[in-house]
Amino acid sequence: MVHSSVPAWQTSLVSFSPGSARDLLTARGYAPAQVRPLQGGAWSTAFAARCDGRDLVLRLGGPSEDYAADAYAATLGHARLPIPAVLEHGRLDAGELTGTTYAISEFVPGTPLEHASPTAWAALAPQLADILEGLRATRPDATDQSAPSWREHLLQVGDYPWQAGWRERADHAGPEALALFDRGLDALRGITPVTVPVSLLHADWINRNVHVADDRITGIFDWGCSRFGDHLYDLAWFEFWAPWHPNLDVPLLVRELEARWDAVGISPVDHPGRHLACLLHIGLDHIVYNILHGTEEALAGTMDRLTEFL
């Protein structure tokens, strides 16, 4: 339930036609009446399809690990987690799309959470707090010892397989970006706790990954960045990107979460290092991301935000 092992910047997004999507759905037994393109993610092409009176989404070309993460999340069946069902996913072994990864899931209508008005956010924040608490209650299988510890995961930033080659591509960003990364990583080493309780994280709450409709959260998508770690990371995600989304009252979300934590007798934000470690990691991870993708304006904003936390 982590990023693809293929360096993202080495992945070229292949365009697929509605005709190819229709042919695939027909071959899989869905008989689409209509197919239309959707605004997809960075590494897949998405289509909406009406099949036997059911609205579905077909994604083509994304990392297989991401689709597997979506399928896992959909099996949780938690009342607080509106996660669309993944009907099937895999890699095609025949036809003109042989070798292409795909996933077919339920379509959930709505608009992106980050576009919510301040008034809508006031109604959404308590729901989001309930969802985050639902994730906090989702613990890893005690017998699975394959994943690195949370501390190890945080401190490996810059060395994840999908980040290969970022330092070599940093020349255009200037020495300031590399210097800030190294400074931030040193700070992260000094504050990251050895152990924390771990639970399921989504870790990518914006970028059209959550839908809302009529002041309700209707669907949570794209679990490709998910993993088991400190639940404060998901809160830190909203806090780090708050300047980009002034319509989202993050202090309100904090208050909603603190009320729920008080009710069960925990105070996670009081733990030295935990909260700040999450914020620093988000900044460091996105310095690397923006260097790899050449998004200079986003890199500058990320650097400014990380500097604030340092």
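Key figures
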| quantity | calculated |
| --- | --- |
| Conditions (1) surrounded by 12 or more Cβ atoms within 10 Å (Cβ to Cβ); (2) more than 30 Å from PRO251 (Cβ to Cβ); (3) not acidic (Asp, Glu): number failed by ALA94 | (1) |
| Test for PRO118: is it at pLDDT 95 or above and farther than 19 Å from LEU200 by Cβ | yes |
| LEU299, sole failed condition from (1) hydrophobic (A, V, I, L, M, F, W, C); (2) touching a residue at least 60 places away in the same chain (Cβ under 8 Å); (3) in a helix (DSSP H, G or I); (4) within 22 Å of ALA129 (Cα to Cα) | (4) |
| Qualifying residue in segment 149-162 (condition: at pLDDT below 95 and closer than 29 Å to ILE266 by Cβ) | yes |
| Filter result for ASP171 (loosely packed, with under 15 Cβ neighbours inside 10 Å, more than 18 Å from the chain's Cα centre (by Cα), at pLDDT 95 or above and of a type in the set (D, E, K, R)) | no |
| Positions within segment 100-139 being crowded, with 16+ Cβ neighbours inside 10 Å, touching a helix residue (DSSP H, G or I) at 6+ places or on another chain (Cβ under 9 Å), of a type in the set (Gly, Ala, Ser) and farther than 19 Å from ALA85 by Cα, in sequence order | ALA116, ALA125, ALA129 |
| Condition check for ALA85: open to solvent by 10 Å² or more (accessible area, probe 1.4 Å), closer than 15 Å to ASP249 by Cβ and touching a strand residue (DSSP E or B) at 6+ places or on another chain (Cβ under 9 Å) | no |
| Residue match in segment 236-256 (condition: outside any helix (DSSP H, G or I), crowded, with 17+ Cβ neighbours inside 10 Å and aromatic (Phe, Trp, Tyr)) | yes |
| Segment 188-229, residues that are more than 13 Å from the chain's Cα centre (by Cα) and either open to solvent by 40 Å² or more (accessible area, probe 1.4 Å) or free of Cβ contacts under 8 Å to residues at least 24 places away in the same chain (or both) | ARG189, GLY190, ILE191, VAL194, THR195, PRO197, VAL198, ASP214, ASP215, ARG216, THR218 |
| Top-ranked residue in segment 1-16 [being in a loop (DSSP other than H, G, I, E, B) and open to solvent by less than 30 Å² (accessible area, probe 1.4 Å); ranked as modelled with the highest pLDDT] | PRO7 |
| Matching option when the condition is open to solvent by 10 Å² or more (accessible area, probe 1.4 Å), within 27 Å of PRO197 (Cα to Cα) and out of contact with any strand residue (DSSP E or B) (no Cβ under 6 Å at 6 or more places or on another chain), among GLY294, GLY283, GLY273 | GLY273 |
| Number of the exception - ALA263 against (1) touching a residue at least 24 places away in the same chain (Cβ under 8 Å); (2) more than 15 Å from GLY283 (Cβ to Cβ) | (1) |
| Verdict on PHE228 being in a strand (DSSP E or B) and of a type in the set (Phe, Trp, Tyr) | yes |
| Qualifying residue in segment 107-128 (condition: in contact with a Gly (Cβ under 9 Å, 6 or more places away or on another chain), in contact (Cβ under 8 Å) with a residue 12 or more places away in the chain, assigned to a loop (DSSP other than H, G, I, E, B) and of a type in the set (A, V, I, L, M)) | yes |
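The values are calculated or read from the model by the stated rules, or taken from the named source; none is laboratory data. Fair warning: this is a prediction, and the values are worked out from it, not measured in the lab. No Cβ is skipped: glycine too gets one built from the backbone with ideal geometry, and neighbour counts run over all protein chains shown. Surface areas here come from the heavy atoms of the whole protein model, side chains and all, with no ligands, DNA or RNA. Shrake-Rupley method; radii C 1.70, N 1.55, O 1.52, S 1.80 Å.
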